[in-house]
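*Asks:* Would you mind keeping the following structure in view while I ask a few things?
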Amino acid sequence: MRKHPFTYLFIFLSLVTSSFSFADEIASKHHICIACHTHNAKSVFPGPQLGGLPADYIYQQLDNFKHGLRGDDAETEMMKNIVLGLTDKQARGLSEWASDHEVKQVFDVNKASDTVGFKVYEEKCLDCHNSVIGRFMTDSPRLEGLNSGYILKQLALFKSGSRTVAEPSKHQTKMISVIKSLTDEEFLSLTTFIQQAGQ
């Protein structure tokens, strides 16, 4: 039976309306992210810039927050509560939106390239965080847009075992194994290097 032309028009308009509705739905939540995730955020809990990070990586972190795998302090609890209020579709939409933001460099390894910690960075961090192939294989974020305070906090969480991943795999858990392999001296050198590179 042949469908009436108005049937196709109705389907088309329904799809367009649905698309606009979802876009508005996502837009209404932008301010929640922007409040903390910009380089000059004035929030009590300034978060890392999200621009330039892969949308899939951002989505994975939202999922990790949702499952309580990113620590247990007040900042993490706030993020967890925000994520619990999102549908999976909204979380993916916000991840794609955030990934497209411009990012300002706030971490520069060249500022601390003459430190002992830089050698630790070269040996333990550079291949995953500063290589296209490394980032692709391990889903590691670029560090340029992450402030030193945030990076240091994540190192501490990984070291203590408070931060992990929802679906452990060889590559997803590499950060944990690398941190745990550092001697106390290497860890101290690395944290000093990160502090200087972020100044």
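The values are calculated or read from the model by the stated rules, or taken from the named source; none is laboratory data. These numbers were taken from a predicted model, which means no experiment stands behind them. Here the Cβ positions follow ideal geometry from the backbone for every residue, glycine too, while neighbour counts run over all protein chains shown.
*Asks:* Take the stretch 158-199 and flag every residue that is assigned to a loop (DSSP other than H, G, I, E, B) and among the basic types (Lys, Arg). Reasoning before the result, please.
*Replies:* So in the stretch 158-199, the residues assigned to a loop (DSSP other than H, G, I, E, B) come out as 161-162, 164-173, 182-183, 198-199.
170 - this is the single residue of the stretch 158-199 that is assigned to a loop (DSSP other than H, G, I, E, B) and among the basic types (Lys, Arg).
*Asks:* Would you check which residues across the stretch 105-142 are in contact with an Asp or Glu (Cβ under 7 Å, 6 or more places away or on another chain), in a helix (DSSP H, G or I) and modelled with pLDDT under 95 and list them?
*Replies:* Selection gives 134 alone.
*Asks:* From the list 69, 62, which residue is at negative phi, hydrophobic (A, V, I, L, M, F, W, C) and under 13 Å from the mean Cα position of the chain (by Cα)? Outline the logic, then answer.
*Replies:* On the way: 69 fails: under 13 Å from the mean Cα position of the chain (by Cα).
Selected residue: 62, the only one of 69, 62 that is at negative phi, hydrophobic (A, V, I, L, M, F, W, C) and under 13 Å from the mean Cα position of the chain (by Cα).
*Asks:* Inspect the stretch 117-134 for any residue being in contact with a Gly (Cβ under 6 Å, 6 or more places away or on another chain) and surrounded by 15 or more Cβ atoms within 10 Å (Cβ to Cβ) and give the result as yes or no.
*Replies:* Taking the stretch 117-134 first, the residues in contact with a Gly (Cβ under 6 Å, 6 or more places away or on another chain) are 127-128.
Narrowing the set further to residues that are surrounded by 15 or more Cβ atoms within 10 Å (Cβ to Cβ) leaves 127-128.
Yes, there is a match, as at least one residue in the stretch 117-134 is in contact with a Gly (Cβ under 6 Å, 6 or more places away or on another chain) and surrounded by 15 or more Cβ atoms within 10 Å (Cβ to Cβ).
*Asks:* Which residue out of 146, 155 is under 22 Å from residue 47 (Cβ atoms), in a loop (DSSP other than H, G, I, E, B) and either within 13 Å of the chain's Cα centre (by Cα) or not aromatic (Phe, Trp, Tyr) (or both)? Steps first, answer last, please.
*Replies:* On the way: 155 fails: in a loop (DSSP other than H, G, I, E, B).
Unique residue meeting the criteria: 146.
Yes/no matrix, rows are residues, columns are (1) under 19 Å from the mean Cα position of the chain (by Cα); (2) at pLDDT 85 or above:
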{"residue": "11", "(1), (2)": "no, no"}
{"residue": "14", "(1), (2)": "no, no"}
{"residue": "17", "(1), (2)": "no, no"}
{"residue": "23", "(1), (2)": "no, no"}
{"residue": "30", "(1), (2)": "yes, yes"}
{"residue": "36", "(1), (2)": "yes, yes"}
{"residue": "46", "(1), (2)": "yes, no"}
{"residue": "53", "(1), (2)": "yes, yes"}
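*Asks:* Select from the stretch 75-104 the residues that are among the acidic types (Asp, Glu) and either over 13 Å from the mean Cα position of the chain (by Cα) or not in a helix (DSSP H, G or I) (or both) and list them in ascending order. Talk me through it step by step, then tell me what you get.
*Replies:* So in the stretch 75-104, the residues among the acidic types (Asp, Glu) come out as 75, 77, 88, 96, 100, 102.
Of everything in the stretch 75-104, those that are among the acidic types (Asp, Glu) and either over 13 Å from the mean Cα position of the chain (by Cα) or not in a helix (DSSP H, G or I) (or both) turn out to be 75, 77, 88, 100, 102.
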